[in-house]
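Comments concern the structure below.
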Amino acid sequence: MRKPRVAVAGGRRKRAASQEGGERCPRSGSRAKPPPADGLAAQQEEAVLQAPVCPYHLFRDAAEVTAFRGSLLSWYDREKRDLPWRRRAEDEVDLDKRAYAVWVSEVMLQQTQVATVINYYTRWMQKWPTLQDLASASLEEVNQLWAGLGYYSRGRRLQEGAQKVVGELGGHMPRTAEALQKLLPGVGRYTAGAIASIAFGQATAVVDGNVVRVLCRVRAIGADPSSTLVSQQLWSLAQQLVDPARPGDFNQAAMELGATVCTPQRPLCSSCPVQSLCRAHQRVTREPLSASRSLPGGPDVEECAPNTGQCQLCLPHTEPWNCTLGVANFPRKPSRRPPREEHSATCVLEQPRATGGARVLLVQRPHSGLLAGLWEFPAVTVAPSGQHPSEALLQELRKWAGPLPATRLQHLGEVVHTFSHIKLTYQVFGLALEGQTPGTTAPPGARWLTREEFHTAAVSTAMKKVFRVYEAHRPGACRSSRSSQVSTPSSWKKPSRGQQVLDNYFQPLSSHAAQ
């Protein structure tokens, strides 16, 4: 049997909101119908799909759909990038190995640039070329290889999924998008559709951030793409368009188009294979004429439901067409909450004269929550303003390292690192145990590591930033302009006379330089 043609597009993958629902059936009539489902969720989805939608935002007929497919696939065959996961998937005959190769790439590409993923993917597949290899690995090994890639729960869930395939499914990947989403932990609607279409040739759609952008521009959809109504319409359009003969190639072509041509800013419209079918481009070309015929700021409903009121998929009245943006008027970015701010004090505790070389103390984070299972320098949560976190940080250090000498902790500066939903500011301290008897043993949940071991350990990018600040202040270190631009927060209050003895542990580096 001829294996399905395979291709995996690069570019950062952003999930479309509300896409983690059930898979759609092939299109019938003007929009796809969802599969049977139970309860209120099915009724709500059906209601969304039955909401009136102007034909302006749909494809007119089968000929237009066929033209879109042909133009996009012809372009993709000429222009697709040569990427390691594509080569592996195209050359692999074994269906389970092929699906595994696609799965790994799709998970890594979520929220991550393709240039970053290439090296991680290559090392991952060299270390764990099969599902069985990954299933037998330790979580520590997975975290170690994933370190620096971000969104660390992805690696953990990928391994959990491999363990389920090997332990409960006889080593065989589910063959449909519905089964993949139902049976594998961490596999949502997008990932299931990608694996099923690319590895198994199922004619099922995928919608990521790139596809959202392409479809919103091609059909001039200006409403919030994260809303339930718009999200479901985008999935319906994608299902209508997917080529049943080459579903994997088509889905990857749509993502490739969004990643390389139909980009968020400065899209390359002159290189777009579906420019003639693009409503946004048509509006750009006619906008000067439209502006001369209509009142400034008035909604443009010339081609969209002029007699039925405001369309739910058009640009909202509050955000009229911006001539300077061109096709980039679509899609409109939804309002997002800023990340919440948190503050922490952390200390790099070093034994400079330890056997086998200087060592630093790391402790393991809990196995759930942010950065689950990764290693970090001892830290405590602090208020964004107030006094030095002296007592709390000292207690944390003694918890892991035992009694500390009566010496001063140096405040070295701060590191700011933003996660997907948290902006975390670390106040960085350092302490070298110069006069203390070296030891390499640590209680459970802690480790003394050499510098070489630290750089290959399962630590987050934030901790690597913290360590760079510490290293920049070592005696004899060449301080860069970035690392030297650190200061004690002005919001910290000066200690009272009664607290002076305790807070002598915490002196800014500048105090030592003046002595």
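The values are calculated or read from the model by the stated rules, or taken from the named source; none is laboratory data. Nothing here was measured: the structure is a model prediction, and the numbers come from that model. Note that we place each Cβ from the backbone using ideal geometry, even for glycine, and neighbour counts take in every protein chain shown. To get the accessible areas, we keep the full protein, side chains included, count just its heavy atoms, and leave off ligands, DNA and RNA. Shrake-Rupley method; radii C 1.70, N 1.55, O 1.52, S 1.80 Å.
Tabulated results
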{"quantity": "Conditions (1) part of a helix (DSSP H, G or I); (2) modelled with pLDDT of 95 or more; (3) surrounded by 13 or more Cβ atoms within 10 Å (Cβ to Cβ): number failed by R78", "calculated": "(3)"}
{"quantity": "Residue check, G186 at positive phi, open to solvent by 20 Å² or more (accessible area, probe 1.4 Å) and over 18 Å from the mean Cα position of the chain (by Cα)", "calculated": "no"}
{"quantity": "Qualifying positions in the stretch 167-180 - over 20 Å from A135 (Cβ atoms), open to solvent by 40 Å² or more (accessible area, probe 1.4 Å) and out of contact with any Pro (no Cβ under 8 Å at 6 or more places or on another chain)", "calculated": "T176"}
{"quantity": "Some residue of the stretch 142-155 being without any contact (Cβ under 8 Å) to a residue 24 or more places away in the chain and either open to solvent by 20 Å² or more (accessible area, probe 1.4 Å) or outside any helix (DSSP H, G or I) (or both)", "calculated": "no"}
{"quantity": "Every residue from the stretch 339-375 that is open to solvent by 30 Å² or more (accessible area, probe 1.4 Å) and either among the charged types (D, E, K, R) or touching a Leu at 6+ places or on another chain (Cβ under 6 Å) (or both)", "calculated": "R340, E341, E342, R353, R359, R365"}
{"quantity": "Unique match (being surrounded by fewer than 21 Cβ atoms within 10 Å (Cβ to Cβ) and farther than 24 Å from A372 by Cα) among Q202, Q126", "calculated": "Q126"}
{"quantity": "Selection count where residues are more than 20 Å from D208 (Cβ to Cβ) and either open to solvent by 100 Å² or more (accessible area, probe 1.4 Å) or outside any loop (DSSP other than H, G, I, E, B) (or both), scope the stretch 310-338", "calculated": "8"}
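Quick grid of which residues meet (1) modelled with pLDDT under 95; (2) open to solvent by less than 30 Å² (accessible area, probe 1.4 Å); (3) under 22 Å from W85 (Cα atoms):
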site	(1), (2), (3)
V230	yes, yes, no
D243	no, yes, yes
P247	no, yes, yes
A253	no, yes, yes
S270	no, no, no
C278	no, yes, no
Q282	yes, no, no
T285	yes, no, no
A291	yes, no, no
